[in-house]
Each structure stands twice: as C-alpha cells, then as structure tokens.
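S.K.: Sharing a structure below in structure tokens format, with a few things to ask.
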Amino acid sequence: MKVKNFMNSDVITIETKTSILEAQNIMRMKRIKRLPVMDKGKLIGLVTKHMILEASPSSGTSLSIWELNYLLTKCAHRYNT
C-alpha cells in the first residue's frame with residue numbers, strides 16, 4: 001500500500017497573511033484540524049487547531065472579539081519579525 005491511496009489531493013491551504021481568526025473559521029467550516037501554510041506557492045509550514053487553541057485566550061476573558069483579534073495579530077507580528 002502506498003501513501004497516495006490515503007492522501008487527499010484537494011487540500012485546503014492558507015497564506016501567511018491569513019489571520020488566526022480566519023484560519024480558525026476555515027477549520028471550523030471545513031471540519032479540518034490542520035492547514036498547510038503557503039507563501040508564493042511554496043509550502044512553508046503547518047498550523048493546527050491545537051496550536052490555535054493553545055495560543056488563544058481563555059473563554060472567560062472580558063475582552064471583545066475585536067480586542068482579542070488585535071492582540072493576537074500584534075503578538076503574531078512580533079514573532080514574524
């Protein structure tokens with residue numbers, strides 16, 4: 001048996017500029033747990049549902065969704081520079 005017999009060739013990917021919130025929504029809508037990350041048509045990484053959940057604030061926070069999105073984007077920018 002070969003990998004090609006089990007793989008999915010219709011892969012859903014995201015670009016590096018995709019927000020965490022958008023990636024999370026894609027995973028939820030498509031019912032998937034992993035998204036390959038592409039840059040100029042080249043695979044550069046993988047983001048998982050677990051990684052996003054681990055980096056997300058507690059559901060008990062008093063921040064609005066807009067404040068959370070701002071903070072997550074700001075934090076991600078720090079790690080990418």
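S.K.: Would you mention how many residues in the range 6-30 are surrounded by fewer than 10 Cβ atoms within 10 Å (Cβ to Cβ) and either basic (K, R) or touching a strand residue (DSSP E or B) at 6+ places or on another chain (Cβ under 7 Å) (or both)?
M.R.: Let us first name the residues in the range 6-30 that are surrounded by fewer than 10 Cβ atoms within 10 Å (Cβ to Cβ), namely 6-10, 17, 29.
Next, from what is left, pick out any that are either basic (K, R) or touching a strand residue (DSSP E or B) at 6+ places or on another chain (Cβ under 7 Å) (or both): 17.
The total comes to 1.
S.K.: From (1) among the aliphatic types (A, V, I, L, M); (2) out of contact with any Leu (no Cβ under 9 Å at 6 or more places or on another chain); (3) more than 18 Å from T73 (Cα to Cα), pick out the condition that doesn't hold for L53.
M.R.: L53 satisfies all of (1) among the aliphatic types (A, V, I, L, M); (2) out of contact with any Leu (no Cβ under 9 Å at 6 or more places or on another chain); (3) more than 18 Å from T73 (Cα to Cα) except (3).
S.K.: In the range 2-29, which residues are farther than 20 Å from W66 by Cα and modelled with pLDDT under 95? Working first, answer last.
M.R.: Filtering the range 2-29 for residues farther than 20 Å from W66 by Cα gives 2-16, 29.
Residues satisfying the conditions are K2, V3, K4, N5, F6, M7, N8, S9, D10, V11, T16.
The values are calculated or read from the model by the stated rules, or taken from the named source; none is laboratory data. Computed from a predicted model, the values in this text were never measured in an experiment. Methodologically, a virtual Cβ is constructed for each residue, glycine included, from the backbone with ideal geometry; neighbour enumeration extends over all protein chains shown.
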